[in-house]
Amino acid sequence: MSNILLGATGGIACYKAVYLLRLLKRAGHAVRVVMTKDAARFVGPLTFETLSESPVYIESLRGAPIDHIALSTWADLFLIAPASANTIAKIAHGLADNLLTAALLATKADVMLYPAMNEAMFLNSATQTNIETLISRGYFVAKPASGELACLENGAGRLAEPEEILEQVDIRLAIGRFKPLFAGKRFLITAGATIEAIDAVRYISNYSSGKMGLALALAAENLGGDVELIYGARPLKSGLKNTIYAKSAEDMRQAVLERVEKADVFIMNAAVADYTPRHPNREKIKKTADSINLELVKTVDILKEAAKLKRRGQFFIGFAAESENSEENALKKLKDKGVDLIALNDVSNHEIGFNSDYNEITAFFADGERVVFAKQPKRILAYRFLLHAAERINSR
Ligand code: CTP
């Protein structure tokens with residue numbers, strides 16, 4: 001577990017930092033809190049002190065009960081949540097006029113910032129330029145969530161939810177620092193299962209939850225990419241701006257074909273039904289007959305069709321769900337589908353793959369490289385997988 005220095009700056013969102021602190025402690029991290037004076041006006045330091053089981057630091061530099069250097073060297077990760085526009089500006093310019101900013105200037109630890117402010121302040125080019133500076137320094141700066149703000153306006157500027165912050169902290173601690181490698185790259189990613197109607201109320205589908213595709217979409221976005229996610233039937237809350245739903249294999253095919261040309265990277269992760277009822281009934285089928293026959297016809301292979309339209313510069317990734325002769329089948333799919341990379345999932349193991357939070361993947365690149373990603377949470381695996389493919393994606 002890690003030493004996390006939690007920095008809270010002034011803003012109503014400070015109350016969420018209390019909950020975040022609880023989650024970090026529950027996850028087993030050691031947490032110390034440093035606050036600005038403004039933050040201490042929103043939430044009493046005693047609350048943080050009790051929950052962190054350690055003193056809270058709010059003094060200005062000179063009256064500080066602890067040396068800012070000691071504080072900054074103790075930390076493995078410096079997490080600022082909420083990060084106000086003012087503190088972001090100070091950090092971007094190297095100011096160190098309170099304990100929080102001084103500790104930040106002195107730290108060699110990884111830094112993650114979660115902005116929270118009024119939308120106009122966030123969108124102001126001064127703030128945007130400051131954020132760009134911080135990102136170019138290797139800091140992680142989260143995109144603020146949209147919703148109702150303290151000023152009762154709606155817009156982008158809300159502090160991310162503590163559960164989401166905890167998850168990103170875990171990912172960051174596992175992966176280490178990374179740069180927005182995919183800046184300017186457009187990703188088209190499909191996820192989840194399609195459903196094929198039998199009648200008005202029944203369908204054929206599979207156990208895919210969409211967790212792997214969603215993890216890839218979030219990782220691609222946090223690595224700087226512009227992501228469009230095409231989600232199959234049972235939707236998960238994606239948190240992504242550009243999510244399109246496609247119910248059936250045919251809906252998904254249309255959605256992909258309309259968009260794939262503009263994508264730089266296409267990841268076909270959805271578990272598309274291979275067969276669909278030839279004549280779905282408009283009405284609910286009554287149970288009058290003792291048995292019924294369902295005639296199924298093959299769906300179009302979306303990945304294969306899209307790969308035929310592949311232009312220079314694009315990078316296509318497919319998945320192979322296998323339960324036997326896995327390697328042989330995966331290599332066959334790599335060739336048949338005309339993609340640059342096939343990720344092999346063993347779907348016979350219920351601890352990984354379909355519907356699990358974990359996965360284990362073997363990646364087969366068209367240039368012959370083969371990499372095994374051992375069992376780990378899908379949310380973390382997605383980063384490792386994309387980071388590994390990044391060089392090839394970016395050299396297109
Ligand atoms: N795929 C697709 N369109 C389909 C079926 C599959 O685009 N109608 C894509 C999947 O999203 C995946 C890849 O093809 O990226 C391989 O899918 P998989 O289910 O492993 O194999 P299939 O091609 O369907 O062949 P089989 O079921 O015989 O293994």
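The values are calculated or read from the model by the stated rules, or taken from the named source; none is laboratory data. Being a predicted model, the structure only gives us computed values, none of them experimental. Glycine gets a Cβ as well: all are built from the backbone with ideal geometry, and neighbour counts include every protein chain shown. What goes into the accessible areas is simple: the full protein's heavy atoms, side chains included, and nothing from ligands, DNA or RNA. Shrake-Rupley method; radii C 1.70, N 1.55, O 1.52, S 1.80 Å.
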Please work out which one of (1) away from the ligand (no atom under 16 Å from the Cβ); (2) among the small types (Gly, Ala, Ser); (3) under 22 Å from Val265 (Cα atoms); (4) within 15 Å of the chain's Cα centre (by Cα) is the condition Gly184 fails and give its number. (4)
Per the list (1) away from the ligand (no atom under 16 Å from the Cβ); (2) without any contact (Cβ under 8 Å) to a residue 24 or more places away in the chain, residue check on Asp264 breaks on (2)
Those residues of segment 197-222 which are within 24 Å of the chain's Cα centre (by Cα), open to solvent by 20 Å² or more (accessible area, probe 1.4 Å) and either among the hydrophobic types (A, V, I, L, M, F, W, C) or assigned by TED's automatic domain parsing to the domain that holds Ile171 (or both) amount to Leu218
I need the full set of residues from segment 239-251 which are surrounded by fewer than 18 Cβ atoms within 10 Å (Cβ to Cβ) and polar (S, T, N, Q), in order please. Asn242
Here is a list of conditions, (1) free of Cβ contacts under 8 Å to residues at least 12 places away in the same chain; (2) touching a strand residue (DSSP E or B) at 6+ places or on another chain (Cβ under 9 Å); (3) within 12 Å of the ligand (Cβ to nearest atom), and Asn349 meets all of them except one; can you say which number that is? (3)
Checking Asp274 against (1) open to solvent by 90 Å² or more (accessible area, probe 1.4 Å); (2) near the ligand (Cβ under 7 Å from one of its atoms); (3) in contact (Cβ under 8 Å) with a residue 40 or more places away in the chain, which test does it fail? (3)
Restricting to segment 298-313, name every residue that is touching a strand residue (DSSP E or B) at 6+ places or on another chain (Cβ under 8 Å) and open to solvent by 70 Å² or more (accessible area, probe 1.4 Å). Lys298
Is at least one residue of segment 240-255 part of a loop (DSSP other than H, G, I, E, B), away from the ligand (no atom under 16 Å from the Cβ), touching a Leu at 6+ places or on another chain (Cβ under 8 Å) and not assigned by TED's automatic domain parsing to the domain that holds Gln168? yes
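One line per residue, one yes/no per condition, for (1) at pLDDT 95 or above; (2) at positive phi; (3) charged (D, E, K, R):
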{"residue": "Ser348", "(1), (2), (3)": "no, no, no"}
{"residue": "Ile352", "(1), (2), (3)": "no, no, no"}
{"residue": "Glu369", "(1), (2), (3)": "yes, no, yes"}
{"residue": "Val372", "(1), (2), (3)": "yes, no, no"}
{"residue": "Arg379", "(1), (2), (3)": "no, no, yes"}
{"residue": "Ala382", "(1), (2), (3)": "yes, no, no"}
{"residue": "Ala389", "(1), (2), (3)": "yes, no, no"}
{"residue": "Ile393", "(1), (2), (3)": "yes, no, no"}
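Could you identify the single residue in Val56, Val33 that is farther than 27 Å from Ala126 by Cα and touching an Asp or Glu at 6+ places or on another chain (Cβ under 7 Å)?
On the way: Val33 fails: touching an Asp or Glu at 6+ places or on another chain (Cβ under 7 Å).
Val56 is the lone residue from the list that is farther than 27 Å from Ala126 by Cα and touching an Asp or Glu at 6+ places or on another chain (Cβ under 7 Å).
Among the listed residues Leu24, Leu46, identify the single one that is more than 22 Å from Asp97 (Cα to Cα) and either among the β-branched types (Val, Ile, Thr) or without any contact (Cβ under 8 Å) to a residue 24 or more places away in the chain (or both).
Values: Leu24 fails: either among the β-branched types (Val, Ile, Thr) or without any contact (Cβ under 8 Å) to a residue 24 or more places away in the chain (or both).
Among Leu24, Leu46, only Leu46 is more than 22 Å from Asp97 (Cα to Cα) and either among the β-branched types (Val, Ile, Thr) or without any contact (Cβ under 8 Å) to a residue 24 or more places away in the chain (or both).
Report yes if Glu295 is modelled with pLDDT of 95 or more, open to solvent by 10 Å² or more (accessible area, probe 1.4 Å) and closer than 30 Å to Asp199 by Cα, otherwise no. Steps first, answer last, please.
Numbers: modelled with pLDDT of 95 or more: yes; open to solvent by 10 Å² or more (accessible area, probe 1.4 Å): yes; closer than 30 Å to Asp199 by Cα: yes.
Taking the combined requirement at face value, the residue satisfies it.
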In segment 69-169, which strands (runs of 3 or more DSSP E) lie fully inside it and hold 3 or more residues that are open to solvent by less than 40 Å² (accessible area, probe 1.4 Å) and touching a residue at least 12 places away in the same chain (Cβ under 8 Å)? 77-83, 110-115, 154-158
Counting residues that are closer than 20 Å to Met212 by Cβ and of a type in the set (Val, Ile, Thr), which strands (runs of 3 or more DSSP E) fully inside segment 258-309 reach at least 2? 265-268
Return the residues of segment 314-335 that are within 8 Å of the ligand (Cβ to nearest atom) and surrounded by fewer than 18 Cβ atoms within 10 Å (Cβ to Cβ); say none if nothing qualifies. Asn329
